[in-house]
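Here the structure is laid out as C-alpha coordinates; the discussion comes afterwards.
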Amino acid sequence: MVRLDAESDGEPGAEHFDVLTRHRRDRAVMAVVFLLLFGFSYSEDYVFAVLEAAGRDEVVAWLVGLVGFDVAVLSLVGLLKGAIGRAEGDSSRLRRWWWTAFSVVVCIDVLLVLLPDEHPLWIDLASSVVLAIVVGLLMMVALNGDPLTLFSAGRRAAAPMDWARVRAVVPLVLGTIAGYVAATAFDDFFDLDTVRVLDVEMEAEVAAMPLAEQLEAFATLCEGAVSPAFFEQVVAVIPLLLLTIGVEFNFFRRALDEPAQRAAAAATVAVMAIGLLLAVSTLPWAGSGCGGVLGYWHEYLTFVVAVQGIATGLATLLWLLVVSAPDQRIPSEANRV
(Lines give C-alpha, C1' and ligand atoms only; values in the text may rest on other atoms or scores of the structure.)
Protein backbone atom coordinates (compact mmCIF):
# COMPACT_ATOMS: atom_id res chain seq x y z
CA MET A 1 0.00 0.00 0.00
CA VAL A 2 2.84 2.32 0.86
CA ARG A 3 4.57 1.48 -2.41
CA LEU A 4 1.45 2.23 -4.43
CA ASP A 5 1.03 5.56 -2.66
CA ALA A 6 4.65 6.41 -3.40
CA GLU A 7 4.16 5.60 -7.06
CA SER A 8 1.01 7.70 -7.11
CA ASP A 9 2.84 10.58 -5.48
CA GLY A 10 5.71 10.22 -7.94
CA GLU A 11 3.61 10.28 -11.09
CA PRO A 12 2.83 14.02 -11.03
CA GLY A 13 6.52 14.79 -10.59
CA ALA A 14 7.48 12.54 -13.49
CA GLU A 15 4.78 14.06 -15.65
CA HIS A 16 5.97 17.56 -14.79
CA PHE A 17 9.54 16.57 -15.66
CA ASP A 18 8.40 15.20 -19.02
CA VAL A 19 6.50 18.39 -19.80
CA LEU A 20 9.49 20.53 -18.80
CA THR A 21 11.83 18.42 -20.92
CA ARG A 22 9.49 18.68 -23.87
CA HIS A 23 9.25 22.45 -23.55
CA ARG A 24 13.02 22.80 -23.38
CA ARG A 25 13.36 20.56 -26.43
CA ASP A 26 10.80 22.64 -28.33
CA ARG A 27 12.62 25.88 -27.50
CA ALA A 28 15.91 24.34 -28.64
CA VAL A 29 14.31 23.28 -31.93
CA MET A 30 13.00 26.80 -32.53
CA ALA A 31 16.39 28.30 -31.68
CA VAL A 32 18.20 25.96 -34.09
CA VAL A 33 15.98 26.92 -37.02
CA PHE A 34 16.18 30.66 -36.39
CA LEU A 35 19.92 30.67 -35.66
CA LEU A 36 20.74 28.88 -38.89
CA LEU A 37 18.21 30.77 -41.03
CA PHE A 38 18.79 34.31 -39.76
CA GLY A 39 22.20 34.00 -38.11
CA PHE A 40 24.40 31.62 -40.03
CA SER A 41 22.98 32.17 -43.52
CA TYR A 42 23.61 35.93 -43.26
CA SER A 43 27.01 35.60 -41.58
CA GLU A 44 28.92 37.11 -44.49
CA ASP A 45 26.70 40.20 -44.39
CA TYR A 46 27.16 40.65 -40.64
CA VAL A 47 30.92 40.35 -40.95
CA PHE A 48 31.02 42.68 -43.94
CA ALA A 49 29.01 45.33 -42.07
CA VAL A 50 31.30 45.15 -39.04
CA LEU A 51 34.50 45.26 -41.10
CA GLU A 52 33.13 48.13 -43.19
CA ALA A 53 32.30 50.09 -40.05
CA ALA A 54 35.77 49.37 -38.66
CA GLY A 55 37.48 50.28 -41.93
CA ARG A 56 39.09 46.86 -42.23
CA ASP A 57 39.17 44.87 -45.46
CA GLU A 58 42.30 42.74 -45.29
CA VAL A 59 42.21 38.98 -45.81
CA VAL A 60 43.20 38.17 -42.23
CA ALA A 61 40.31 40.21 -40.85
CA TRP A 62 37.89 38.40 -43.15
CA LEU A 63 39.29 35.00 -42.19
CA VAL A 64 39.05 35.69 -38.49
CA GLY A 65 35.66 37.37 -38.76
CA LEU A 66 33.86 34.99 -41.11
CA VAL A 67 35.30 31.70 -39.88
CA GLY A 68 35.07 32.82 -36.25
CA PHE A 69 31.44 33.93 -36.61
CA ASP A 70 30.36 30.73 -38.34
CA VAL A 71 32.19 28.51 -35.87
CA ALA A 72 30.60 30.39 -32.96
CA VAL A 73 27.08 30.05 -34.39
CA LEU A 74 27.55 26.39 -35.27
CA SER A 75 29.02 25.66 -31.84
CA LEU A 76 25.89 27.10 -30.25
CA VAL A 77 23.72 25.09 -32.63
CA GLY A 78 25.75 22.01 -31.72
CA LEU A 79 24.96 22.56 -28.05
CA LEU A 80 21.28 22.88 -28.91
CA LYS A 81 21.50 19.70 -30.98
CA GLY A 82 22.90 17.91 -27.94
CA ALA A 83 20.03 19.21 -25.81
CA ILE A 84 17.49 17.97 -28.36
CA GLY A 85 19.20 14.60 -28.52
CA ARG A 86 19.32 14.21 -24.74
CA ALA A 87 15.62 15.05 -24.49
CA GLU A 88 14.93 12.26 -26.97
CA GLY A 89 17.38 9.80 -25.44
CA ASP A 90 20.12 9.82 -28.09
CA SER A 91 22.49 12.78 -27.90
CA SER A 92 25.15 11.24 -30.17
CA ARG A 93 22.89 10.54 -33.13
CA LEU A 94 23.97 11.78 -36.61
CA ARG A 95 27.27 13.13 -35.27
CA ARG A 96 29.13 12.08 -38.41
CA TRP A 97 26.72 14.10 -40.58
CA TRP A 98 27.12 17.08 -38.27
CA TRP A 99 30.92 17.20 -38.27
CA THR A 100 31.10 16.60 -42.02
CA ALA A 101 28.81 19.55 -42.71
CA PHE A 102 30.69 21.63 -40.12
CA SER A 103 33.99 20.94 -41.92
CA VAL A 104 32.50 21.79 -45.31
CA VAL A 105 31.34 25.16 -43.97
CA VAL A 106 34.82 26.05 -42.71
CA CYS A 107 36.40 25.00 -46.02
CA ILE A 108 33.92 27.08 -48.04
CA ASP A 109 34.51 30.09 -45.78
CA VAL A 110 38.27 29.88 -46.29
CA LEU A 111 37.83 29.39 -50.05
CA LEU A 112 35.56 32.42 -50.39
CA VAL A 113 37.93 34.65 -48.43
CA LEU A 114 41.01 33.56 -50.41
CA LEU A 115 39.36 33.91 -53.82
CA PRO A 116 40.83 36.71 -55.95
CA ASP A 117 38.56 39.67 -56.65
CA GLU A 118 38.36 38.72 -60.32
CA HIS A 119 36.97 35.18 -60.49
CA PRO A 120 34.34 33.42 -62.62
CA LEU A 121 30.69 33.98 -61.77
CA TRP A 122 30.00 30.25 -61.66
CA ILE A 123 32.20 29.95 -58.57
CA ASP A 124 29.98 32.40 -56.70
CA LEU A 125 26.82 30.63 -57.84
CA ALA A 126 28.15 27.15 -57.07
CA SER A 127 29.41 28.14 -53.62
CA SER A 128 26.07 29.82 -52.86
CA VAL A 129 24.09 26.71 -53.75
CA VAL A 130 26.45 24.38 -51.89
CA LEU A 131 26.45 26.59 -48.81
CA ALA A 132 22.64 26.77 -48.78
CA ILE A 133 22.41 22.98 -49.06
CA VAL A 134 24.88 22.61 -46.20
CA VAL A 135 22.73 24.99 -44.12
CA GLY A 136 19.80 22.66 -44.79
CA LEU A 137 21.81 19.59 -43.83
CA LEU A 138 22.95 21.25 -40.62
CA MET A 139 19.36 22.16 -39.80
CA MET A 140 18.08 18.64 -40.47
CA VAL A 141 20.84 16.98 -38.48
CA ALA A 142 20.60 19.45 -35.60
CA LEU A 143 16.90 18.61 -35.35
CA ASN A 144 17.76 14.89 -35.20
CA GLY A 145 16.36 14.22 -38.64
CA ASP A 146 18.14 11.81 -40.98
CA PRO A 147 18.74 13.60 -44.33
CA LEU A 148 18.64 10.26 -46.17
CA THR A 149 14.89 10.02 -45.56
CA LEU A 150 14.59 12.61 -48.31
CA PHE A 151 15.78 10.05 -50.86
CA SER A 152 14.65 6.69 -49.46
CA ALA A 153 11.05 5.54 -49.09
CA GLY A 154 12.23 2.72 -46.85
CA ARG A 155 13.89 5.12 -44.44
CA ARG A 156 10.79 7.33 -44.46
CA ALA A 157 8.64 4.37 -43.48
CA ALA A 158 11.11 3.25 -40.80
CA ALA A 159 11.63 6.72 -39.32
CA PRO A 160 8.46 8.82 -39.74
CA MET A 161 9.59 11.36 -37.15
CA ASP A 162 12.83 11.95 -39.05
CA TRP A 163 10.86 12.38 -42.26
CA ALA A 164 8.50 14.89 -40.61
CA ARG A 165 11.48 16.98 -39.53
CA VAL A 166 13.41 16.74 -42.77
CA ARG A 167 10.46 17.60 -44.98
CA ALA A 168 9.66 20.62 -42.79
CA VAL A 169 13.09 22.08 -43.56
CA VAL A 170 13.08 21.59 -47.35
CA PRO A 171 11.20 24.82 -48.29
CA LEU A 172 13.51 26.82 -46.03
CA VAL A 173 16.51 25.32 -47.82
CA LEU A 174 15.08 26.22 -51.24
CA GLY A 175 14.34 29.74 -50.03
CA THR A 176 17.88 30.05 -48.69
CA ILE A 177 19.30 28.97 -52.05
CA ALA A 178 17.24 31.70 -53.72
CA GLY A 179 18.47 34.22 -51.14
CA TYR A 180 22.11 33.31 -51.74
CA VAL A 181 21.67 33.51 -55.50
CA ALA A 182 19.94 36.89 -55.10
CA ALA A 183 22.87 38.16 -53.03
CA THR A 184 25.29 36.95 -55.69
CA ALA A 185 23.22 38.59 -58.43
CA PHE A 186 23.09 41.85 -56.50
CA ASP A 187 26.87 41.96 -56.16
CA ASP A 188 27.64 40.82 -59.71
CA PHE A 189 24.87 42.32 -61.85
CA PHE A 190 23.83 45.52 -60.12
CA ASP A 191 26.03 48.59 -59.93
CA LEU A 192 27.18 48.93 -56.32
CA ASP A 193 28.35 52.49 -57.04
CA THR A 194 24.90 53.68 -58.12
CA VAL A 195 23.85 56.94 -56.45
CA ARG A 196 20.98 55.47 -54.43
CA VAL A 197 20.21 58.63 -52.44
CA LEU A 198 20.63 62.11 -53.91
CA ASP A 199 22.48 64.73 -51.93
CA VAL A 200 20.75 68.03 -51.16
CA GLU A 201 22.25 69.99 -54.05
CA MET A 202 21.58 67.35 -56.68
CA GLU A 203 18.06 66.78 -55.36
CA ALA A 204 17.31 70.50 -55.65
CA GLU A 205 18.76 70.57 -59.14
CA VAL A 206 16.64 67.63 -60.26
CA ALA A 207 13.52 69.07 -58.60
CA ALA A 208 13.89 72.26 -60.65
CA MET A 209 13.71 70.31 -63.90
CA PRO A 210 10.49 69.70 -65.84
CA LEU A 211 8.79 66.40 -65.02
CA ALA A 212 9.96 64.63 -68.16
CA GLU A 213 13.55 65.65 -67.50
CA GLN A 214 13.22 64.59 -63.85
CA LEU A 215 12.18 61.11 -64.88
CA GLU A 216 15.04 60.92 -67.35
CA ALA A 217 17.51 62.15 -64.73
CA PHE A 218 16.35 59.57 -62.18
CA ALA A 219 16.55 56.84 -64.81
CA THR A 220 20.12 57.85 -65.60
CA LEU A 221 21.24 58.25 -62.00
CA CYS A 222 19.60 55.01 -60.88
CA GLU A 223 20.75 52.88 -63.78
CA GLY A 224 22.11 49.66 -62.30
CA ALA A 225 19.89 49.73 -59.21
CA VAL A 226 16.95 47.45 -58.47
CA SER A 227 13.80 48.49 -60.31
CA PRO A 228 11.19 50.24 -58.10
CA ALA A 229 8.52 48.06 -59.73
CA PHE A 230 10.09 45.01 -58.10
CA PHE A 231 9.47 46.30 -54.59
CA GLU A 232 5.92 47.31 -55.50
CA GLN A 233 5.19 43.80 -56.77
CA VAL A 234 6.69 42.23 -53.65
CA VAL A 235 4.22 44.16 -51.50
CA ALA A 236 1.39 42.52 -53.46
CA VAL A 237 2.84 39.02 -53.90
CA ILE A 238 3.92 38.12 -50.35
CA PRO A 239 0.51 38.72 -48.69
CA LEU A 240 -1.10 36.67 -51.46
CA LEU A 241 1.33 33.82 -50.80
CA LEU A 242 0.70 33.98 -47.06
CA LEU A 243 -3.05 33.83 -47.59
CA THR A 244 -2.76 30.97 -50.06
CA ILE A 245 -0.51 28.93 -47.79
CA GLY A 246 -2.46 29.64 -44.63
CA VAL A 247 -6.05 29.49 -45.87
CA GLU A 248 -6.12 27.26 -48.92
CA PHE A 249 -3.58 24.70 -47.71
CA ASN A 250 -4.25 24.86 -43.95
CA PHE A 251 -0.48 25.07 -43.56
CA PHE A 252 -0.48 26.49 -40.06
CA ARG A 253 -2.95 23.92 -38.74
CA ARG A 254 -0.95 21.10 -40.28
CA ALA A 255 2.30 22.53 -38.93
CA LEU A 256 1.31 22.20 -35.28
CA ASP A 257 1.96 18.47 -35.08
CA GLU A 258 5.73 18.30 -34.53
CA PRO A 259 8.25 20.76 -33.02
CA ALA A 260 10.37 21.02 -36.16
CA GLN A 261 7.26 21.66 -38.25
CA ARG A 262 6.16 24.40 -35.87
CA ALA A 263 9.61 25.98 -35.99
CA ALA A 264 9.72 25.80 -39.79
CA ALA A 265 6.25 27.35 -40.02
CA ALA A 266 7.31 30.19 -37.72
CA ALA A 267 10.50 30.74 -39.73
CA THR A 268 8.55 30.72 -43.00
CA VAL A 269 6.18 33.39 -41.74
CA ALA A 270 9.08 35.38 -40.27
CA VAL A 271 11.15 35.53 -43.44
CA MET A 272 8.10 36.41 -45.55
CA ALA A 273 6.98 39.06 -43.07
CA ILE A 274 10.44 40.63 -42.88
CA GLY A 275 10.65 40.68 -46.68
CA LEU A 276 7.22 42.33 -46.83
CA LEU A 277 8.11 44.94 -44.20
CA LEU A 278 11.34 45.81 -45.98
CA ALA A 279 9.52 46.15 -49.30
CA VAL A 280 6.83 48.31 -47.70
CA SER A 281 9.57 50.47 -46.19
CA THR A 282 10.55 51.60 -49.70
CA LEU A 283 7.10 53.01 -50.49
CA PRO A 284 7.08 56.14 -48.27
CA TRP A 285 10.41 57.28 -49.68
CA ALA A 286 9.44 57.39 -53.36
CA GLY A 287 11.55 59.96 -55.14
CA SER A 288 14.22 60.07 -52.43
CA GLY A 289 16.46 57.55 -54.13
CA CYS A 290 16.58 54.64 -56.54
CA GLY A 291 13.41 52.66 -56.00
CA GLY A 292 12.63 54.56 -52.82
CA VAL A 293 15.56 53.02 -50.96
CA LEU A 294 17.57 54.86 -48.35
CA GLY A 295 20.98 53.49 -49.25
CA TYR A 296 23.00 50.44 -50.21
CA TRP A 297 22.10 48.30 -47.20
CA HIS A 298 18.40 49.16 -47.45
CA GLU A 299 18.29 48.14 -51.10
CA TYR A 300 20.43 45.04 -50.61
CA LEU A 301 18.51 43.66 -47.64
CA THR A 302 15.13 44.45 -49.17
CA PHE A 303 16.05 42.73 -52.42
CA VAL A 304 17.64 39.63 -50.87
CA VAL A 305 15.12 39.04 -48.08
CA ALA A 306 12.18 39.69 -50.42
CA VAL A 307 13.50 37.15 -52.91
CA GLN A 308 14.10 34.67 -50.10
CA GLY A 309 10.62 35.24 -48.70
CA ILE A 310 8.88 34.79 -52.04
CA ALA A 311 10.97 31.72 -52.88
CA THR A 312 10.26 30.20 -49.47
CA GLY A 313 6.54 30.79 -49.91
CA LEU A 314 6.46 29.30 -53.40
CA ALA A 315 8.59 26.35 -52.29
CA THR A 316 6.22 25.75 -49.38
CA LEU A 317 3.23 25.72 -51.73
CA LEU A 318 4.84 23.28 -54.14
CA TRP A 319 6.21 21.11 -51.34
CA LEU A 320 2.79 20.86 -49.72
CA LEU A 321 1.37 19.68 -53.03
CA VAL A 322 4.09 17.05 -53.36
CA VAL A 323 4.24 15.55 -49.86
CA SER A 324 0.92 16.28 -48.17
CA ALA A 325 -2.40 14.49 -48.44
CA PRO A 326 -5.46 16.78 -48.24
CA ASP A 327 -7.07 16.98 -44.80
CA GLN A 328 -4.80 14.30 -43.41
CA ARG A 329 -2.39 14.97 -40.59
CA ILE A 330 0.43 12.54 -40.05
CA PRO A 331 0.52 11.49 -36.39
CA SER A 332 3.77 12.13 -34.63
CA GLU A 333 5.35 10.67 -31.53
CA ALA A 334 7.54 13.74 -31.09
CA ASN A 335 5.62 15.06 -28.12
CA ARG A 336 6.19 11.90 -26.14
CA VAL A 337 9.49 12.03 -24.32
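Some values worked out for this structure:
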| read-out | value |
| --- | --- |
| Pair list, Cβ < 9 Å and 6+ apart or interchain, from the range 88-99 residues that are in contact (Cβ under 8 Å) with a residue 24 or more places away in the chain and acidic (D, E) to residues that are part of a loop (DSSP other than H, G, I, E, B) and exposed (fewer than 12 other Cβ atoms within 10 Å of the Cβ) | none |
| Count of residues meeting criterion [surrounded by 22 or more Cβ atoms within 10 Å (Cβ to Cβ) and under 21 Å from Q308 (Cα atoms)] in the range 106-130 | 1 |
| Residues satisfying the stated conditions in the range 236-247, i.e. more than 16 Å from V304 (Cβ to Cβ) and in contact with a Leu (Cβ under 9 Å, 6 or more places away or on another chain) | P239, L241, L242, T244, I245 |
| Residue under evaluation G145, criteria (1) over 17 Å from G39 (Cβ atoms); (2) assigned to a helix (DSSP H, G or I); (3) in contact with a helix residue (DSSP H, G or I) (Cβ under 7 Å, 6 or more places away or on another chain); (4) of a type in the set (G, A, S), criterion not met | (2) |
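Condition check ((1) among the acidic types (D, E); (2) at pLDDT below 85; (3) outside any helix (DSSP H, G or I)) across all residues:
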| residue | (1), (2), (3) |
| --- | --- |
| V226 | no, yes, yes |
| I238 | no, no, no |
| G246 | no, yes, no |
| F252 | no, yes, no |
| L256 | no, yes, yes |
| A265 | no, no, no |
| A273 | no, no, no |
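The values are calculated or read from the model by the stated rules, or taken from the named source; none is laboratory data. Only a predicted model underlies this, so the values are computations on that prediction, with no experimental measurement involved. Cβ: placed from backbone, ideal geometry, glycine included. Neighbour counts: every protein chain shown.
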